[in-house]
Amino acid sequence: MRILIAEDDPLLADGLTRSLKMSDYAVNCVNDGVAADLALSAESYDLVILDLGLPRMDGFEVLRRLRRRASNIPVLVLTARESLDERVKGLDLGADDYMTKPFELLELEARVRALIRRGQTGGTALLTHGNLKLDTVGRRLSLNDQTLELSARELGVLEVFMMRSGKVVSKEQLAEKIYSWDEDVGANAIEVCIHRLRKKIECSGVTIRTIRGLGYLLEKSVT
Ligand code: CA
């Protein structure tokens, strides 16, 4: 999966790049509209994350040119806060989805996955592990078809585990996935969240094991 990020805010571009790379996407990043237009003409991508306020050529023009070339790559537009006009114009020009800054990385990633899936299969959004089923679009966890009540943060943490099934997930990875970079995270916020999550999935046959010094692993409970 290959993603192009067109964003001129270096902090945001860097955060997005690192986060998407951690989810095993190949990421190219450009910081102006001309470079974005060039990259999109020359290379093939599965998704574009496109800031509208770009130097040299704005995101609207990049999008207009992309669709004029009859490309149907999914486009996720990033807009400044409270600019309804921009969002509407972006969608009219052929954007598939938009996010208003500032946003949660986890939500952006969920939308990225949904768009890539839609682009490829028109498909489903279900992650499963044992008897647990996580609907990543509807944001719902179920156990044997009974819904389990989870907070957004718990759902986010579980989603990270289920996406990386069978791999150890570090505390830092979890923190990066579920918090935006301007958010102050208490030292034990992840532990507290894992603790609650463990209780909620106690009877699922799946458990979160602590791997000392490394992080956590989602695995079948030992009975
Ligand atoms: Ca910008």
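The values are calculated or read from the model by the stated rules, or taken from the named source; none is laboratory data. Every value quoted in this text rests on a predicted model; they were computed, and no experiment measured them. Note that we place each Cβ from the backbone using ideal geometry, even for glycine, and neighbour counts take in every protein chain shown.
Of all helices (runs of 4 or more DSSP H) completely enclosed by the range 1-109, which ones contain at least 1 residues that are within 13 Å of the ligand (Cβ to nearest atom) and surrounded by fewer than 22 Cβ atoms within 10 Å (Cβ to Cβ)? Write out each step before concluding.
Values: elements: 10-22, 33-42, 59-68, 84-92.
In the range 1-109, the matching helices (runs of 4 or more DSSP H) lie at 10-22, 59-68, 84-92.
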TODO: Exactly one condition in (1) among the polar types (S, T, N, Q); (2) farther than 22 Å from Val160 by Cβ; (3) touching a strand residue (DSSP E or B) at 6+ places or on another chain (Cβ under 7 Å) is not met by Ser41; state its number.
DONE: (3)
Open item on the list: Just to be sure I understand the filter: pairs with C-beta atoms under 7 Å, separated by 6 or more residues or on different chains, first member in the range 45-73 and without any contact (Cβ under 8 Å) to a residue 40 or more places away in the chain and farther than 14 Å from Cys29 by Cβ, second member of a type in the set (Phe, Trp, Tyr) and within 14 Å of the ligand (Cβ to nearest atom). Which pairs pass?
Closed with: Leu52/Phe60
- [ ] Would you point out which residue out of Pro55, Pro10 is within 30 Å of Lys171 (Cβ to Cβ) and modelled with pLDDT of 95 or more?
- [x] Pro10
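With the condition kept exactly as written, say whether any residue in the range 9-31 is acidic (Asp, Glu) and under 14 Å from the mean Cα position of the chain (by Cα).
Yes, the conditions are met somewhere in the range 9-31.
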